[in-house]
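The values are calculated or read from the model by the stated rules, or taken from the named source; none is laboratory data. Only a predicted model underlies this, so the values are computations on that prediction, with no experimental measurement involved. Because the Cβ atoms are built from the backbone with ideal geometry, glycine has one as well, and the counts that use them run over all protein chains shown. When the accessible area is computed, the model is the full protein with side chains, heavy atoms only, and any ligands, DNA or RNA have been set aside. Shrake-Rupley method; radii C 1.70, N 1.55, O 1.52, S 1.80 Å.
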Amino acid sequence: MTGSARAIPRSFLYTPALSLERVVKAWSYDADVHLIDLEDSVPPQEKPAARTVCRTALEKAPDPANIAVRVNELGTVAAVHDLVTLTESPVTPGFIVMTMVDSPVEVTLMRDTLASAGAHPQIYVTLETPAAVAGIDAIAAAADGLVFGSADLAATLGVEITWAGMLSARQAMAMACARYGTACIDTANYRLAEPAVLADEIARARELGFHGKATVHPSELGAINAALRPDPDGLRQARRVTEAVRSAAGGIAVLDGNMVGPPFARMARDTVALGDAWAERFGGEGGKGEGVGASGSGGDDGGKGEGVGHDGR
């Protein structure tokens, strides 16, 4: 990792913009980013009212920088109205989540449109079309983050949402995000009555290098946060590895009976930088990031962060 890490959210809680009370209530749950949804969870006839709910909620939000808004697909009238609402709002969310994206041109258009109104949120893209998977490198390079959208992708492929069926897309996404320093967020779990499915998805996604996971239900936040937020013990060990290799003049060192060298030190530095950046932006008061330092940069200016590692911790 070179430069300072950008803070990457580890948990996204999706709430439909159907009720201001419901959106505001969602803020009491411990998610890194609270997403106000204007897309699939809002029926077409209710979208105008949902935009009003969204704008009012943004004006009431205690920390708009950690609020996301998922907008409708570019090329639709619904998206035009979404963008007018957002650009006319006195409060800008920290994240915009795009849907049904096929090319990086759409990401650039979204970023430029918002910038023309003085808004510079981070742009996350829902990876949910075969075209997006095929062009994932260019999309990952253009976006600040990718969110895996298993439901629409599975529907297009005509397959069930299973780990095996979605594995190739997840692998491509994890690799592209690692190449371009892009946040990598896993899909929501749709089998809410089966917590074992959620636990399995979290563990497997983490093994692939995903940083975070989305959810549509607050009951899942505990498991997601416990597994994917920076771990104090892991960070302390990463600092020890970094120091051991530094003391060995950048060569091979022995720590707790194990050989550690430059590749291990690089991973440890990435882990520490990501953990510090997360704590600074999302850790809050009183210890979400207990034991996590705060020397990293939050980097929340809407631009692409430098050198985000793939370790995810």
Selection over segment 94-126 where residues are within 12 Å of the chain's Cα centre (by Cα) and hydrophobic (A, V, I, L, M, F, W, C) yields a count of 5
From the option list Ser116, Ser41, single residue qualifying as open to solvent by 10 Å² or more (accessible area, probe 1.4 Å), closer than 24 Å to His211 by Cβ and of a type in the set (S, T, N, Q) is Ser41
The condition of being under 19 Å from the mean Cα position of the chain (by Cα) and surrounded by 22 or more Cβ atoms within 10 Å (Cβ to Cβ) holds, among Gly149, Gly222, only for Gly149
Of those in segment 1-19 that are farther than 18 Å from Ser219 by Cα and free of Cβ contacts under 8 Å to residues at least 40 places away in the same chain, the residue surrounded by the fewest Cβ atoms within 10 Å (Cβ to Cβ) is Ser19
**Request:** Kindly check whether there is at least one residue in segment 80-96 that is in contact with a strand residue (DSSP E or B) (Cβ under 6 Å, 6 or more places away or on another chain) and without any contact (Cβ under 8 Å) to a residue 40 or more places away in the chain.
**Result:** yes
Glu243 meets each of (1) open to solvent by less than 60 Å² (accessible area, probe 1.4 Å); (2) out of contact with any helix residue (DSSP H, G or I) (no Cβ under 8 Å at 6 or more places or on another chain); (3) over 28 Å from Ala174 (Cα atoms) with one exception, condition (1)
- Message: Looking for something among the small types (Gly, Ala, Ser), within 22 Å of Trp27 (Cα to Cα) and open to solvent by less than 60 Å² (accessible area, probe 1.4 Å) - is there at least one such residue anywhere in segment 66-85?
- Response: yes
Condition check: at pLDDT below 95, surrounded by 16 or more Cβ atoms within 10 Å (Cβ to Cβ) and more than 23 Å from Val69 (Cα to Cα). Does Leu198 satisfy that?
no
Of Ala226, Ala203, Ala238, Ala214, the only residue that is among the hydrophobic types (A, V, I, L, M, F, W, C) and touching a strand residue (DSSP E or B) at 6+ places or on another chain (Cβ under 9 Å) is Ala214
Here the residues within segment 23-38 that are open to solvent by 50 Å² or more (accessible area, probe 1.4 Å) and either more than 15 Å from Val69 (Cα to Cα) or in contact with a Phe, Trp or Tyr (Cβ under 6 Å, 6 or more places away or on another chain) (or both) are Lys25, Ser28, Tyr29, Asp30
Suppose the filter is modelled with pLDDT under 50, out of contact with any Ser or Thr (no Cβ under 9 Å at 6 or more places or on another chain) and open to solvent by 20 Å² or more (accessible area, probe 1.4 Å); does Gly299 pass it? no
Checked pairs for segment 258-281, first under 14 Å from Arg10 (Cβ atoms) and open to solvent by less than 10 Å² (accessible area, probe 1.4 Å), second in a helix (DSSP H, G or I) and not aliphatic (A, V, I, L, M), C-beta under 9 Å and 6 or more apart or across chains, list as Gly275/Pro232; Gly275/Gly234
- request: Test Leu228 against the stated conditions and say whether it is touching a Gly at 6+ places or on another chain (Cβ under 6 Å), at pLDDT 90 or above, crowded, with 20+ Cβ neighbours inside 10 Å and on the phi < 0 side of the Ramachandran plot.
  value: yes
When Glu46 is run through (1) touching a helix residue (DSSP H, G or I) at 6+ places or on another chain (Cβ under 9 Å); (2) within 19 Å of Leu18 (Cα to Cα); (3) open to solvent by 60 Å² or more (accessible area, probe 1.4 Å); (4) among the acidic types (Asp, Glu), the failure sits at (1)
Checked against (1) among the charged types (D, E, K, R); (2) open to solvent by less than 50 Å² (accessible area, probe 1.4 Å); (3) free of Cβ contacts under 8 Å to residues at least 12 places away in the same chain, Glu106 satisfies every condition except (3)
By my count, strands (runs of 3 or more DSSP E) wholly in segment 175-284 with at least 1 residues that are more than 30 Å from Ala26 (Cβ to Cβ) are 253-255, 258-260
Next on the checklist: open to solvent by 10 Å² or more (accessible area, probe 1.4 Å), aromatic (Phe, Trp, Tyr) and within 19 Å of Glu39 (Cβ to Cβ): is that true of Tyr190 in this structure?
Outcome noted: yes
Being over 27 Å from Glu21 (Cα atoms) and open to solvent by less than 30 Å² (accessible area, probe 1.4 Å) narrows Val101, Val97 down to just Val101
